Every structure is written in C-alpha cells, then in structure tokens.
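The values are calculated or read from the model by the stated rules, or taken from the named source; none is laboratory data. Just so it is clear, the structure is predicted and the values come from calculations on it, not from any experiment. Here the Cβ positions follow ideal geometry from the backbone for every residue, glycine too, while neighbour counts run over all protein chains shown. Surface areas here come from the heavy atoms of the whole protein model, side chains and all, with no ligands, DNA or RNA. Shrake-Rupley method; radii C 1.70, N 1.55, O 1.52, S 1.80 Å.
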Amino acid sequence: MQQTTSNKSYRKIVLYTTLPSNGEYWPQGTINISNPSKEIGIMPMTMLDEMNLRTPDALMNGEAIVAMIKSCCPDISDPWQAPLLDIETILVGIRVATYGPTLAVSTKIPVVNEVHEFSIDLSEAVSNLTQGTFKQEHVLQDGTAIKIRPMTYRTMTQTNIKNYEQARLATNLRSTDATEADKIAEIQKAFKQIASMTVQNIVDQIVSIKTPDAEYSMPKDVYEFVTNVPAPVAQEIKAIVTEQNKIGTMKPVNVQVPPEFVEKGAPKTVEQNLILDQSNFFVLS
C-alpha cells in the first residue's frame, strides 16, 4: 500500500492498494481497474459511514459494510460481488485510509488470565494475508475435473445470517416450554437447513464439473451432482473450496507476551486473530 497526501479540505483518495484478485472474478461492471498497476483508490470514511457501522442490524445483514465500501472505494460499484480473497485487503485499506496504520488490540493471556494491550501496524499486517493464487481448476482423486470461483461477500453474509438464526433458535428452544419431542424435531429441522445451506454454498462456487461421461455447468445439474455423489467425493470438493477461500484472509498475528506474565507461567507468545468485519475495527472509541 502507498499513501499519498493532499492539502485539500474535502475527501479524496488517500491510498492505493492492489487486490489479491487483480480484479479477476468480479462480474463485469462491478469494479473498475483500468490503471496499469491494477490498483484501486481508497478514501477515508465519512461520519455517516461511522454511524452506519454502529447500527447492529446494518452490520448483521452486511448493508453497513457494503455502504462503507461503496462510499470509500469509488472503483467498486457492487461490493456484494466482491470475492472473499479481496475483502480483507479492502477493509484494511479503508481502516488505514481513515485512521492510519496503527491499530490498538487487546488479548487475554492464557494461564495468568490477564489482558494485554498492544498495537500493530496494519500496513505490515497486510503482508500477513494468506498468500497464494486462487486456483480455479482441480482434478479429484477419481479423475473428475472441477472449475470453481471464489465465494462472494453476499454469499458469506447470507451464510453468517443463517448460522446466527440457527444458533439463536437452539438457544430459544432451551428456554421454551415445548416438549422434548418438539425440541428434537426443531433441532433436526435446523440441522437439515444448515446441511442444505452448506451444499448450496459449495454449488454456488462451482463453475463446471467434468467427468469421463458428461460435463455439468447448469446450477441445477451441479447441485444434482454434488448431492448424489459418494460422500468422500463431496467432502473432497468441499475441502478444495474451503482451502481456496482462505487465500487473502488475515492470518493470526504472533504477540510477544510481557516478561512479567511469562514469569508467572504464561507462554512467551500467543496468537491473536484480527476480526475485520465488525464495528470496533472501523469505529474509534
């Protein structure tokens, strides 16, 4: 990332960043990368962006994040279509453009159960993204060839909402007066919905499947294939999709534990996950 400065008083692009995808996998018309360096420009957040990020419902359904990306990234017209391998680079870029590269983080140190506060440089943290080039074509152990695409931000958001709804349902069931039989029936229904959603997510990321006998590219045919092949084949496809979607995501950072905690039995280092898609990452307290 390269930062630029300006004497203008109104908002303008202050940072340029290269996306891991280089603009690939975005549907036509959803992003504009016309410069030779394939960078996108990023502007700081506005007060309205901050206010939206304090709205729980807008955060839950993804609307606040999408509105923020559209506000800060003029080259992106439809953030819902962003492939996951680009999302964390975009979010870090917006945070750096707005508040600078320093991020205050706190973590609980095991053994001593003490909270340790420290700072990280987000410009350097970007280099900690899971490296690699998204691989579209894969050959399964049985010879089946599949072509995949990254999960989009819309699909990820919809998945998170469904998972939250199912978790809330399970919590509510425990506090109701429903019979055990009714509770079991509802839980089984929830598990079926989760299983169906998992399959649909995999199907949405498959462009085509080619076997020695046929080739499938229509969504209904791909769904039929994934739901009817032997479980090990379906699990192999799921593992490939899951692994590829890790590219571009932030790996945990290693934190040096203060000596006074180490002397009390704490480890010398701990891992801290950086959760980017939430209000406390973007809104200063």
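Points to keep in mind about this one:
- About its Cα centre, the dipole of the chain is roughly 340 debye, where the only charges are +1 on Lys and Arg Cβ and -1 on Asp and Glu Cβ.
- Solvent-accessible surface (1.4 angstrom probe) belonging to Arg154, in square angstrom, nearest 10: 90
- Only Cα pairs under 8 Å and 6+ residues apart enter the sum, and on that basis the relative contact order of the chain stands at 20 percent.
- Once you divide the Cα radius of gyration of region 109-166 by 2.2 N^0.38 Å, the number left is 1.88.
- Separation of alpha-carbon centers, region 204-273 and region 125-159, rounded to whole Å: 8
- Glu24 accessible area, assembled protein chains, probe 1.4 Å, Å²: 100
- Surface exposure of region 130-197, expressed per residue as accessible area with a 1.4 Å probe, stands at 68 Å².
- Label-point gap, in nm, between Glu63 and Lys251 - each point 7 angstrom along Cα→Cβ: 3.8
- Taken about its Cα centre, region 44-112 carries a charge dipole of roughly 320 debye when the Cβ of each Lys and Arg holds +1 and the Cβ of each Asp and Glu holds -1.
- Alpha carbon Rg of region 73-142, scaled by the compact-globule rule 2.2 N^0.38 Å: 1.58
- Taking the alpha carbon gyration tensor of region 156-230, multiplying each eigenvalue by 5 and rooting it gives semi-axes of 34, 14, 6 Å, largest first.
- Calculated on the alpha-carbon coordinates, the convex hull of the chain measures out at 191 cubic angstrom per residue.
- Per atom type, the chain shows carbon and sulfur on 50% of its accessible surface, probed at 1.4 Å.
- In terms of Cα atoms, the Rg and Dmax of region 129-285 work out to 21.0, 66 Å.
- Most positive-pole-ward Cα, Thr242, Gln131, Pro101, against dipole of the chain from beta carbon charges: Pro101
- Stretch gain in nm, segment Thr130-Glu186, where the contour uses 0.36 nm per residue and the Cα spacing is subtracted: 16.3 nm
- Karplus (6.51, -1.76, 1.60) ³J(HN,Hα), θ = phi - 60°, over region 202-215, in Hz, Gly and Pro reported as x: 5, 4, 4, 9, 9, 7, 7, 10, 10, 10, x, 9, 7, 10
- In order through region 15-29: 3J(HN,Hα) via Karplus (6.51 cos²θ - 1.76 cosθ + 1.60), integer Hz, x for Gly, Pro: 8, 10, 9, 9, 7, x, 7, 6, x, 6, 6, 8, x, 4, x
- Estimated from helical segments only, the mean residue ellipticity of the chain at 222 nm is -12500 deg cm²/dmol, where each DSSP H run of four or more residues counts as -39500 (n - 2.57).
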